[in-house]
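Novice: The structure under discussion is supplied below as structure tokens; questions concerning it will follow.
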Amino acid sequence: MKRFQSKKQLKVISVILSALTPFVVSEVAFSAPKTEVQKYVKCYQQLTDREPDPASANYLKVVNRQMTAIAACVSLLNRVKLISGAVTATDVEAVAVLNKFNNIHNSWFVNRDYIEDISSEMLLMKHQVFDPTGPALHITRALFTDGVPYGNIFIGGGNYHAVRNGAETILVDYNRTIFSKSAASIPRVKSGDLIGIQHKSTFVLDYDYLPAATATVPAPTALTGSIDIAKHFGGGILGSPAYLQTTIVPPRYVLRGAAGYVPFTAERYDGGVKVPRRFGKSVVSDFLCKDLPAALVSDADATKFVDPSSSVPFRTDRACAVCHATMDQLTGVVRHIGYVPVAEPIFNNNRGGFTPLHPVYSGQKPASAAYWDFGPDLDYANRPATGRLFYRTSENALIDVKVDSLEHLGAVMATQKDAYRCVAKRYYEHFVGVKVPMSFTPADVSQDRHKAAIYDLAEKFKISGSLKELVSDILESENYINR
């Protein structure tokens, strides 16, 4: 490596580096467009992922100074509407905008693939039943459906399925006849562009199949019955099978006739090491933009969660306990959910099958009297599905709210300021090109124009609930126009 020839050169480099380090926000450097046409091309690409057609009406209006670039882009955004759950399939621009935003929304989720719970074949079959952008559909629907505020994504039992213009996806050629009672109606996700989002509340699957013989069960009996493979657990997106299939790794349970659901004992939740904490970690990241720890590693926040004598290793010191205080408490609302295989994954015999989520417990045991259990609890999964939302806001206020179900959690999430700041921050990053951390570290937002802008946008967004207005406000802001 060539050495610097003088101290002067080293000093110049030092000055440059020291000038860069104080910045908290991360700005993506690019040359700001100077003409209206350049501005239109920029915002059009951000809305569609493609170049505008020079012969299109809006492009010509911008060229002829009959419309500003921002007005043309806002006009395009407002034109896209899901009417009866679909856009006009022949409107190429509307389809492009719908797909672009669904991809944006999908990128917000930490976990974007379904969990392999039993076998790779079962995972492939999930991809044939559940759209890979399933959780994102809830947000995209709220953006493009009139009268649906953002907070509604956390409420109710809506399952939303993608309507696409391609053929059925065939990843595993499973034998539909194993479900003889409903073989013709087993769904398959389609490929191609997203052209609509439809509501489907349930999908009851009747099954009738003969399990494969094993050494221990040489002559198995046929299993028949029905199960809802689109079972919803309340709380809007939080309790949708699409979101739960990506965020929890629950124990497996098997159907044993009159015995009901029998767990694989080694996989049973114990309230200590074995809890579905991936769900809690995902919720605070996906919807509040919070990384762990989401509270302070201090006496005020962490001490009550620590017992040096606990047999659970991460409950013996504050640094670990404060992270688990957020994710482990929140996951209590999904403690009762398990996978129930309804056909065996015997791939070479072409049996196939699904592992839908199902409430395998109903809370027969009483709730724990303790605020926080320091040790394992073998009745954990059989207690009421309660939890706590525990984190510090961007303003450093402690949120500590008990929730009694996924539906209750959703109602609480819909009121959180940081849920709206999180969305505003993400759209702001996409359009303005500036990343602003939503830290709970105290800060004077007036000294940071980008964070101040996000807070202002989020405050208005929380009142209106309109995602489309939020995007329009960003496009019309000086921070966007002048970038």
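Novice: Among the residues that make up the stretch 329-339, is at least one of them of a type in the set (S, T, N, Q), assigned by TED's automatic domain parsing to the domain that holds residue 282, buried (at least 20 other Cβ atoms within 10 Å of the Cβ) and at pLDDT 60 or above?
Specialist: yes
Novice: Can I ask one more? Out of everything in the stretch 75-103 that is surrounded by 20 or more Cβ atoms within 10 Å (Cβ to Cβ) and of a type in the set (Val, Ile, Thr), what residue ends up being modelled with the lowest pLDDT?
Specialist: So the residue we want is 87.
Novice: For the stretch 283-326, which positions are touching a helix residue (DSSP H, G or I) at 6+ places or on another chain (Cβ under 7 Å), within 22 Å of residue 402 (Cβ to Cβ) and of a type in the set (Asp, Glu)?
Specialist: 301, 307
Novice: Scanning the stretch 406-421 for residues that are crowded, with 20+ Cβ neighbours inside 10 Å and touching a Ser or Thr at 6+ places or on another chain (Cβ under 9 Å), which turns out farthest from residue 457 (Cα to Cα)?
Specialist: The selected residue is 416.
Novice: Quick one: which of 403, 434 is of a type in the set (Val, Ile, Thr), in the same structural domain as residue 314 (by TED's automatic domain parsing) and touching a strand residue (DSSP E or B) at 6+ places or on another chain (Cβ under 7 Å)?
Specialist: Working: 434 fails: in the same structural domain as residue 314 (by TED's automatic domain parsing).
403 is the lone residue from the list that is of a type in the set (Val, Ile, Thr), in the same structural domain as residue 314 (by TED's automatic domain parsing) and touching a strand residue (DSSP E or B) at 6+ places or on another chain (Cβ under 7 Å).
Novice: Do we have any residue at all in the stretch 367-389 that's within 22 Å of residue 142 (Cβ to Cβ), of a type outside the set (Gly, Ala, Ser) and either in contact (Cβ under 8 Å) with a residue 60 or more places away in the chain or crowded, with 16+ Cβ neighbours inside 10 Å (or both)? Steps first, please.
Specialist: If we filter the stretch 367-389 for residues that are within 22 Å of residue 142 (Cβ to Cβ), which is where we start, we get 389.
So of that shortlist, the ones also of a type outside the set (Gly, Ala, Ser) come out as 389.
Those left that are additionally either in contact (Cβ under 8 Å) with a residue 60 or more places away in the chain or crowded, with 16+ Cβ neighbours inside 10 Å (or both): 389.
Taking every residue of the stretch 367-389 in turn, at least one turns out to be within 22 Å of residue 142 (Cβ to Cβ), of a type outside the set (Gly, Ala, Ser) and either in contact (Cβ under 8 Å) with a residue 60 or more places away in the chain or crowded, with 16+ Cβ neighbours inside 10 Å (or both).
Novice: Here are the criteria: (1) outside the structural domain of residue 164 (by TED's automatic domain parsing); (2) touching a Phe, Trp or Tyr at 6+ places or on another chain (Cβ under 7 Å). Tell me which single one residue 95 does not satisfy.
Specialist: With respect to (1) outside the structural domain of residue 164 (by TED's automatic domain parsing); (2) touching a Phe, Trp or Tyr at 6+ places or on another chain (Cβ under 7 Å), residue 95 is out only on (2).
Novice: Pairs under 6 Å by beta carbon, first residue over 16 Å from residue 238 (Cα atoms) in the stretch 145-157, partner assigned to a helix (DSSP H, G or I), six or more apart or different chains?
Specialist: Cβ pairs passing all conditions: 148/142.
Novice: How many residues are closer than 24 Å to residue 241 by Cα and among the acidic types (Asp, Glu) when one looks only at the stretch 371-422?
Specialist: 2
Novice: If you scan the stretch 40-87, which residues turn out to be more than 19 Å from residue 146 (Cβ to Cβ), in a loop (DSSP other than H, G, I, E, B) and among the hydroxyl-bearing types (Ser, Thr, Tyr)? Lay out the reasoning, then the answer.
Specialist: Taking the stretch 40-87 and keeping what is more than 19 Å from residue 146 (Cβ to Cβ), we get 40-46, 48-73.
Now restrict to residues that are in a loop (DSSP other than H, G, I, E, B): 49-56, 64-68.
Hits for the stretch 40-87 are 56, 68.
The values are calculated or read from the model by the stated rules, or taken from the named source; none is laboratory data. All figures in this text were calculated on a predicted structure; none of them were measured in a lab. Quick reminder, even Gly has a Cβ in these numbers, built from the backbone with ideal geometry, and neighbours come from all protein chains shown.
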